[in-house]
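Any read-out appearing in this document is the output of simple, stated calculations on the displayed coordinates, not a laboratory observation. Please read all numbers here as calculations on a predicted model, not as lab measurements. Using ideal geometry, Cβ is built from the backbone for each residue, glycine included, and neighbour counts are taken over all protein chains shown.
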């Protein structure tokens with residue numbers, strides 16, 4: 001008898017899913033851009049124009065993040081840079097995290113992404129069917145967490161549950177759903193306990209070697225440096241937890257939605273597949289990010305307004321929550337000429353991973369992993385859709401494709 005699924009609190013009513021889907025939000029954004037590009041009502045500010053979105057995300061002291069992400073991050077494991085505003089603590093910890101990625105890591109990350117993608121595809125090749133989510137796009141970044149970040153968890157399924165529960169609570173649980181909140185608290189406690197055990201186990205090994213090739217190990221090396229006296233075991237755990245929490249589902253989301261959008265455009269799908277077969281992963285990346293523009297992973301980024309200010313020539317009152325509408329900004333014709341057309345030759349910057357001081361820490365890693373994973377699917381012979389994306393709330397949970405077995 002199958003084990004019943006654990007309730008997550010992430011289910012979305014079909015009507016709500018449609019109302020908050022990219023089509024409706026794009027239409028609403030177009031209306032706002034024309035009539036009220038910075039619109040305030042009932043404690044909420046909607047920002048629709050690309051230039052104003054960029055301005056808001058750049059002005060990180062006028063539009064802050066601590067009030068938005070900080071309390072939930074603290075409840076799960078303590079402070080992390082995605083819940084910190086500009087200041088000495090942010091500078092100290094962001095600088096430490098940036099120092100962990102070395103120039104030579106880029107080729108290593110690329111090799112890992114290609115290797116793990118090929119391994120997943122090889123398992124499916126004789127069957128002619130693939131679940132892009134469970135069989136590839138969540139599996140590859142999970143292996144990255146284990147091999148590069150030093151976070152394996154007791155097993156892959158548990159590690160993926162920890163990541164999804166915690167990510168949803170911090171960044172997506174806008175209604176403060178109690179079931180989702182409690183699931184995140186449980187997963188967060190399990191993750192903390194596992195990391196504490198791993199830090200204690202690995203510390204003498206790393207200290208003896210004086211070097212390490214994963215993020216946990218590199219933090220343990222830094223811990224012995226007097227310049228990092230603040231980097232105790234708790235600081236290692238909370239920083240590593242903050243780095244990894246979005247690594248699996250953000251990558252998986254973009255791969256699956258990009259593939260879904262490409263299936264809707266057969267000519268573009270064939271061009272992207274040709275680039276994948278030519279191992280032109282830079283072009284595959286352009287196809288992925290342009291496809292995701294039509295269904296972005298984060299339709300909004302939220303900030304807090306600590307004091308009265310202006311934006312785009314409009315007054316913005318203190319105490320409001322500001323919603324930077326990425327879904328609208330990336331269809332603003334002033335920044336994205338002919339926005340309804342699918343084009344990979346745009347010079348404008350996609351906003352899938354945010355902008356400014358709090359741009360996603362893993363952006364460069366995403367630039368490598370996402371095209372590697374997507375290219376592995378696109379290379380499949382006679383690739384075709386075998387179903388629609390099945391969702392776990394906002395997360396792709398299953399997406400079946402078919403191909404000629406080989």
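Under 1.5 on a/c is rounded, so check that first for the range 322-382, then, if it is not, pick prolate when a/b is larger than b/c and oblate when it is not; a ≥ b ≥ c are the square roots of the alpha carbon gyration tensor eigenvalues.
Oblate.
In nm, to one decimal, how far is the residue 15 label point from the residue 277 one, both placed 7 Å along Cα→Cβ?
Roughly 4.8 nm, to one decimal.
Can you pull the semi-axes for the range 175-311, root of five times each eigenvalue of the Cα gyration tensor, sorted largest first, whole Å?
Ellipsoid half-lengths, sorted descending, are 37, 24, 17 Å.
Provide 47, 245 in ascending order of the number of other Cβ atoms located within 10 Å of each residue's Cβ, fewest first. The partial results should precede the final answer.
Details: 47 33, 245 28.
Listing 47, 245 from fewest to most nearby Cβ atoms yields 245, 47.
Determine, for 152, 341, 328, 99, the number of other Cβ atoms within 10 Å of each Cβ, and report the residues in order from fewest to most. The partial results should precede the final answer.
Working: 152 16, 341 9, 328 28, 99 12.
Sorted ascending by nearby Cβ count, the order is 341, 99, 152, 328.
What is the calculated FRET efficiency for residue 229 to residue 182, with r their C-beta to C-beta distance and R₀ = 45 Å, to the nearest 0.05?
Details: r = 36 Å, r/R0 = 0.81.
Using R0 = 45 Å, I get an efficiency of 0.80.
The range 337-406 to the range 198-212: how many Å between their Cα centroids?
Computed from Cα coordinates, the inter-centre distance equals 37 Å.
Stokes-Einstein diffusion coefficient for the chain at 10 °C in a medium of 1.306 mPa s, Rh from the Kirkwood formula over Cα pairs: what value in µm²/s?
Numbers: Rh = 22.2 Å.
Calculated translational D: 71 µm²/s.
Give, as ranges by residue number, the residues of the range 237-264 whose backbone N falls under 19 Å from the point 7 Å along Cα→Cβ of residue 91.
Hits in the range 237-264 for residue 91 at 19 Å: none.
Could you give the length gained by full extension between residue 156 and residue 308, i.e. 0.36 nm per residue of separation minus their alpha carbon distance, to one decimal place? Can you show the working numbers first?
On the way: separation 152, 0.36 × 152 = 54.72 nm, distance 4.70 nm.
Length gained, residue 156 through residue 308: 50.0 nm.
With a 10 Å Cβ neighbour count serving as the proxy for reagent exposure, in which order, fewest first, do 158, 61, 251 appear? Before the final figure, lay out the partial values.
On the way: 158 15, 61 12, 251 24.
The order, fewest Cβ neighbours first, is 61, 158, 251.
For the chain, what relative contact order do you get, as a whole percent, if you take Cα pairs closer than 8 Å and at least 6 residues apart? Please list the in-between numbers first.
Working: 598 pairs, mean separation 111.4, N = 406.
Taking the mean separation of contacting Cα pairs over the length of the chain, I get 27 percent.
When the helix-only estimate is applied to the chain (DSSP H runs of n ≥ 4, each -39,500 (n - 2.57), divided by the residue count), what is the mean residue ellipticity at 222 nm, nearest 500 deg cm²/dmol?
On the way: 16 runs with 205 residues, N = 406.
Only helices count here, giving -16000 deg cm²/dmol.
Do me a favour and compute the ellipsoid semi-axes for the range 160-203 from its Cα gyration tensor, root of five times each eigenvalue, largest one first, whole Å. List each step's numbers first, then the result.
Numbers: eigenvalues 123, 15, 9 Å².
Semi-axes from the Cα gyration tensor: 25, 9, 7 Å.
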